[in-house]
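Everything on this sheet refers to the single structure shown next.
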Amino acid sequence: MLTDRTVPQAAADSLRVAVIVPVRDGGEVWRRTAASIRAQLRRPDHVLVVDSESGDDSAAVARENGFELLPIAARDFDHGGTRQMAARRCGDFDVLVYLTQDAVLADPGALGALLRVFDDAQVAVAYGRQLPRPVAGPIEAHARLFNYPPGSQRRTLADAQRLGMKAAFTSDSFCAYRRADLLAVGGFPERVISSEDMLVAARVLQAGKAVAYVAEACVVHSHAYTLAQELRRYFDIGVLHADHAWLLRDFGAPEGEGMRFVLSEWRFLWRRAPWRLPAAGLRTLGKWFGYRLGRAHRRLPPAWCRSLSMHRAHWQA
């Protein structure tokens, strides 16, 4: 007998799937991402590329690969609003898979592995594992290994008592949404500075659905942030938590997970690259300082917020 958590094994194969990729000046890595989409054994039914006035050949790459191209003005791009616009445009599809332009699907089975978890009718959101780039240094590599472990997980709201905010962790670099569940929680929020994926996942959990982490579905995707970039990134996280205080109220403060990351990073570097420990310590201070400034952004001059933010367009009037 089928329950609310079990559906026929072939259900995921019958889903209509759209892949959505926001692009701006994607360069050579976008060309590799596009090729990796085309190489999937489980082909998507449609690929929509939302191009924000690229100055390179990103639009041509989309056309060459047979993807639908939707040009928008760069000033109109919004992390949540643009993804929600794409979700509305893809109304004929059951599952929406969001990729970033620099997330290269690691093997031809990656998309199929991610989609198979939708055989569980309770799963509303599923995201894959992100592997560090081959050229990644130890600090960059550890960030991916910590946040994307080798074991898959299935999380519900009950796990928030144990995991805190980590229960709602996802990443739109490679993340799939059951479209009906996405719309049921209001879709992606507009005018959000970042982490639109976490806001949706948190609402999904509160609605009684599940978030799945699929370690078998991999993309190659990591960044070598500078100290200044780390500060700006965490400033934006602080802004998010100030503007959406319900996340902290309902899922708890992030400090515990942050300390766990720091200890893990120190152990990792001590074994593999101890000469990088001072740099890691400076980054930790920069992240903390940026986050606290972000939490207090309403007390800062607007020009400071624009300067401190990684996503400066958010502060345009």
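Every number here is computed from the coordinates shown, using simple stated rules; none is lab data. The model shown is predicted, which means the values in this text are computed figures rather than measured ones. Cβ: placed from backbone, ideal geometry, glycine included. Neighbour counts: every protein chain shown.
What to note about this one:
- Per residue, the chain reaches -13000 deg cm²/dmol at 222 nm when only DSSP H runs of four or more residues are counted, each adding -39500 (n - 2.57).
- DSSP-loop chymotrypsin sites (Phe, Trp or Tyr not before Pro) across segment 208-283, with at most 12 other Cβ within 10 angstrom: none
- Cα-based radius of gyration of the chain once divided by 2.2 N^0.38 Å, which approximates compact folds: 0.98
- Compared with the alpha-carbon gap, the fully stretched path from SER14 to ALA180 is longer by 58.2 nm at 0.36 nm per residue.
- Rounded to whole numbers, the Karplus 3J(HN,Hα) couplings from phi for segment 245-254 are 4, 4, 4, 5, 5, 8, 10, x, 6, x Hz, using 6.51 cos²θ - 1.76 cosθ + 1.60 with θ = phi - 60°, and x at Gly and Pro.
- 5 angstrom amide H check on VAL50, placed H, neighbours 5+ away: VAL21, VAL23, LEU70
- Along segment 58-71 the Karplus relation, 6.51 cos²θ - 1.76 cosθ + 1.60 evaluated at θ = phi - 60°, assigns HN-Hα couplings of 4, 5, 5, 4, 4, 5, 4, 8, x, 8, 6, 10, 10, x Hz to successive residues, with x for each Gly and Pro.
- For ALA215, the residues whose modelled amide H falls within less than 5 Å of its own, excluding neighbours fewer than 5 places apart on the same chain, are SER152, GLN153.
- The phi torsions of segment 219-226, fed into the Karplus equation with coefficients 6.51, -1.76 and 1.60 and a -60° offset, translate into couplings of 10, 8, 6, 7, 9, 9, 6, 7 Hz, rounded to whole numbers, with Gly and Pro shown as x.
- Kirkwood hydrodynamic radius over Cα pairs of segment 227-315, then Stokes diffusion coefficient at 25 °C and 0.890 mPa s, in µm²/s: 176 µm²/s
- Magnitude of the charge dipole, segment 1-147, Cβ model with Lys/Arg +1 and Asp/Glu -1, debye to 20: 260 debye
- For the chain, complete DSSP H runs whose alpha carbons reach 15 Å or more along their own long axis and whose mean Kyte-Doolittle score is -1.0 or higher are 27-38, 196-206, 227-243, 255-272, 277-295.
- 15 Å beta-carbon shell around LEU131, net charge (K/R +1, D/E -1): 0
- Centroid-to-centroid, using Cα positions, segment 218-277 and segment 177-195 are 23 Å apart.
- Options LEU145, SER195, TYR127, ranked by Cα towards positive dipole end of the chain, top entry (Cβ charges): LEU145
- Applying a DSSP loop filter and a limit of 11 other Cβ atoms within 10 Å to the trypsin sites (Lys or Arg not before Pro) in segment 127-220 leaves ARG191.
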